[in-house]
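Below: the structure, in structure tokens.
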Amino acid sequence: MTIKEYYSQLKTADDLMSNHLHNKLSSVLRNIIPLVKDSEQKKELKDFYKRCEELPFANKGSEEYIEVRKITYEVLEFIEENLI
């Protein structure tokens, strides 16, 4: 799959349950990191992944869920601006 396809998957996952969003964010980051050639961009994506993995799964509306959504929006913005 391409980075753009992973981006689309993550964008549509935002409306789903919190566990699904958390899983989707993790898997999208895991899958696109190897596709990125630039070492600085790869490092930023790894930092997003680390932030995501440090968060526990959360119920929708909780503080942790809000943080997962925030990271998701940051990742989407990063991909838009730098990778597609």
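The values are calculated or read from the model by the stated rules, or taken from the named source; none is laboratory data. From a predicted model like this one, the values you see are computed outputs, not experimental measurements. All Cβ positions, even for glycine, are placed from backbone atoms using ideal geometry, and neighbour counts span all protein chains on display. These area figures cover heavy atoms from the full protein model, side chains too; ligands, DNA and RNA do not enter into them. Shrake-Rupley method; radii C 1.70, N 1.55, O 1.52, S 1.80 Å.
Check the straight Cα-Cα distances from K4 and name the lysines below 26 Å, setting aside those fewer than 8 residues away within the same chain. The reachable lysines, counting only those whose Cα sits under 26 Å from K4, are K24, K37, K42, K43, K46, K50, K70. Computed over protein heavy atoms with a 1.4 Å probe, the carbon and sulfur contribution to the accessible area of region 18-82 reaches 46%. Solvent exposure of the chain amounts to 61 Å² per residue of accessible area, where only protein heavy atoms count and the probe is 1.4 Å.
Once Rg and the Kirkwood radius are both taken over the C-alpha atoms of the chain, their ratio Rg/Rh works out to 0.95. Per-residue Karplus couplings for region 43-60, computed as 6.51 cos²θ - 1.76 cosθ + 1.60 with θ equal to phi - 60°, are listed in order as 4, 4, 5, 5, 5, 4, 4, 4, 4, 5, 5, 6, 7, x, 5, 9, 7, 4 Hz, Gly and Pro entered as x.
GNM on the chain, alpha-carbon springs under 10 angstrom: the most fluctuating residue among V36, V68, V28 is V36.
Along the chain, counting only trypsin sites (Lys or Arg not before Pro) with a DSSP assignment other than H, G, I, E or B and at most 16 other Cβ atoms inside a 10 Å radius, the longest segment between sites is 1-36.
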